[in-house]
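Enquirer: Have a look at the structure that comes next, please.
The values are calculated or read from the model by the stated rules, or taken from the named source; none is laboratory data. It should be emphasised that the depicted structure is a prediction, and the values quoted were computed from it without experimental measurement. Here Cβ is always computed from backbone atoms with ideal geometry, including for glycine, and neighbour counts include all displayed protein chains. Accessible surface is based on the protein model in full, side chains and every heavy atom, while ligands, DNA and RNA are left aside. Shrake-Rupley method; radii C 1.70, N 1.55, O 1.52, S 1.80 Å.
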Amino acid sequence: MGRFGLIIAAVLVVVGISSVFVVHEGERAIVSRFGKVIKADNNQDKVFEPGIHLKVPIIDKIRYLDARIQTLDGAADRFVTSEKKDLMVDSYVKWRIKDFSKYYLSTNGGIKANAESLLQRKINNDLRTEFGRRTIKEIVSGSRDELQTDALKNAAESAKDLGIEVVDVRVKQINLPANVSNSIYQRMRAERQAVAKEHRAQGREKAEIIRATTDANVEIQIAEAQRKALKERGEGDAQAAKIYADVYSKDPEFYAFLRSLEAYRESFNNNSDVMVLEPDSEFFRYMKSETGK
C-alpha cells in the first residue's frame with residue numbers, strides 16, 4: 001500500500017505540474033483543445049495574459065505568441081515609378097500582434113514565418129502603389145516622408161485582417177538596378193574622361209606655349225650675351241693691338257724680345273713638350289746672343 005501510494009502521489013504531482021503553464025511578460029498564449037481554440041465567456045478565442053494559468057494535461061496544446069514589436073527587414077525588391085523606371089527599394093516594417101486570436105487563425109497557428117510572408121506581400125503591394133504614383137525626381141527630391149506616411153496608412157489598413165498592427169514603414173535605401181547603374185556609371189566615367197582629356201590637352205598646349213616662349217627668351221638672351229661678348233672681345237683685341245702697336249713703334253727691339261719671352265713661356269709650359277728645330281733657328285736668337293740682342 002505504501003508503494004502504491006507513492007506512485008499515486010507521483011502521478012498527482014506530474015498531473016498537477018502539467019496542468020500549469022506560465023505566460024511570461026511580453027507574451028500571450030492561446031490554448032487549443034482537440035484542435036479547437038478555447039473560447040472565452042463572450043464566445044471569442046481566449047487569450048491568456050502574462051501569469052500562471054491552468055490547463056488540461058496532455059489534451060490542451062499551448063501556443064505562445066510574442067506581443068513585442070517585431071522588425072520585418074526583407075530583401076530589396078523592384079518597384080516601377082510612374083515614368084516606368086525600375087528602382088530597387090530596401091525597406092523595413094515595425095509590427096506587433098494586435099488581435100491575437102485573428103493572428104492565430106490567419107497565420108495557421110500563429111507561425112511567425114507565415115505572418116511575415118503575408119505581411120511582406122501586403123507591404124510590397126502598398127509600396128508598389130505609392131511608387132507607381134510618383135516620379136524618380138519626386139521620390140528622391142523630398143517626398144519620401146510623404147511616401148512612407150501613405151504606405152504606413154495603407155499597410156495599417158491592409159494588415160488588420162491578419163490581426164497585426166503596423167507601427168512603422170521605412171524606406172532604407174533606393175537604388176537603380178545593377179544594369180542601369182552600370183550604364184549610368186559608364187556614361188559618367190566617359191564624360192569625366194572626356195573632360196579630363198580636354199583639360200590635359202589644354203594643359204599640354206599651355207605647356208608648349210610656355211616652353212616655346214622660354215626657349216625663345218633663352219635663345220635671345222644667349223644671342224645677346226654672345227653679341228656683347230664678341231663686341232667686348234673685339235674691343236679688347238683692338239685695344240691690345242693698339243697697345244702692341246704703340247709699344248712696337250716706341251721700341252721695336254724690346255717688343256720683339258718681349259714677344260719671344262711669351263713664346264718661350266707658352267712653348268715650355270709642359271715638361272713633356274718636345275720641339276724639333278734647327279740650331280740656328282730664329283726662335284732662339286735671343287738665347288744665343290751674349291748681349292741679349
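Enquirer: How much length is gained if the chain between ALA10 and VAL195 is pulled fully straight, taking 0.36 nm per residue apart and subtracting their Cα-Cα distance, in nm to one decimal?
Expert: Extra length available between ALA10 and VAL195 comes to 57.7 nm.
Enquirer: Leaving ligands, DNA and RNA out of it, report the carbon-plus-sulfur percent of the accessible area of the chain at a 1.4 Å probe.
Expert: For the chain, the apolar C and S fraction of the accessible surface comes to 55 percent.
Enquirer: Sticking with this one: Name the residue farthest towards the positive end of the dipole of segment 54-180 from the options LEU152, ASN124, GLN70, assuming +1 on Cβ of Lys and Arg, -1 on Cβ of Asp and Glu, about the Cα centre.
Expert: The Cα lying farthest towards the positive end belongs to GLN70.
Enquirer: Here is a follow-up. Rank-order 221-228, 241-248 by packing density, defined as the average count of other C-beta atoms within 10 Å over each peptide's residues, highest first.
Expert: Peptide ranking by packing, descending: 241-248, 221-228.
Enquirer: At 0.36 nm per residue, and after removing the present C-alpha to C-alpha distance, how many nm does the segment from LYS160 to ARG133 gain when stretched out fully?
Expert: Residue separation times 0.36 nm, minus the Cα-Cα distance, leaves 7.3 nm.
Enquirer: Please tell me the relative contact order of segment 1-120 in percent, rounded to the nearest whole number, where contacts are Cα pairs under 8 Å and at least six residues apart. Walk me through the intermediate numbers first.
Expert: Details: 160 pairs, mean separation 25.4, N = 120.
It rounds to 21 percent for segment 1-120.
Enquirer: Return one whole number: the accessible area per residue of the chain in Å², for a 1.4 Å probe.
Expert: On a per-residue basis, the chain sits at 70 Å².
Enquirer: Continuing with this model, one more query. Arrange the peptides 256-265, 206-215, 153-162, 59-68 so that the one whose residues have, on average, the most other Cβ atoms within 10 Å appears first.
Expert: 153-162, 59-68, 256-265, 206-215
Enquirer: Next up: Quick check on segment 139-256: take the gyration tensor over C-alpha atoms, sort the square-rooted eigenvalues as a ≥ b ≥ c, and tell me if it's rounded (a/c under 1.5), prolate or oblate.
Expert: prolate
Enquirer: For the charge dipole of segment 159-252, defined by +1 on Lys and Arg C-beta atoms and -1 on Asp and Glu C-beta atoms about the Cα centroid, which residue among ALA196, ALA238, PRO252 has the Cα displaced farthest towards the positive pole?
Expert: Checking the options against the dipole of segment 159-252, the answer is ALA196.
Enquirer: Mind putting a number on the dipole of the chain about its Cα centre? Charges go on the C-beta only, +1 for Lys and Arg and -1 for Asp and Glu, and I need it in Debye to the nearest 20.
Expert: 2680 debye
Enquirer: Next question, about the same structure. Scan [x] 15; [y] 65; [z] 34 for the value of percent of Cα pairs over 34 Å apart calculated from this model and give just the label.
Expert: Answer by label: [y].
Enquirer: What accessible area, in Å² to the nearest ten, does a 1.4 Å probe give for HIS199?
Expert: Result for HIS199: roughly 110 Å² accessible.
Enquirer: Rounded to the nearest 0.05, what FRET efficiency do THR71 and GLU27 have when you use their Cβ-Cβ distance and R0 = 22 Å?
Expert: FRET efficiency, THR71 to GLU27: 0.80.
Enquirer: Oh, and also: Only Cα pairs under 8 Å and at least 6 apart count here; give the relative contact order of the chain as a rounded whole percent.
Expert: Relative contact order of the chain: 13 percent.
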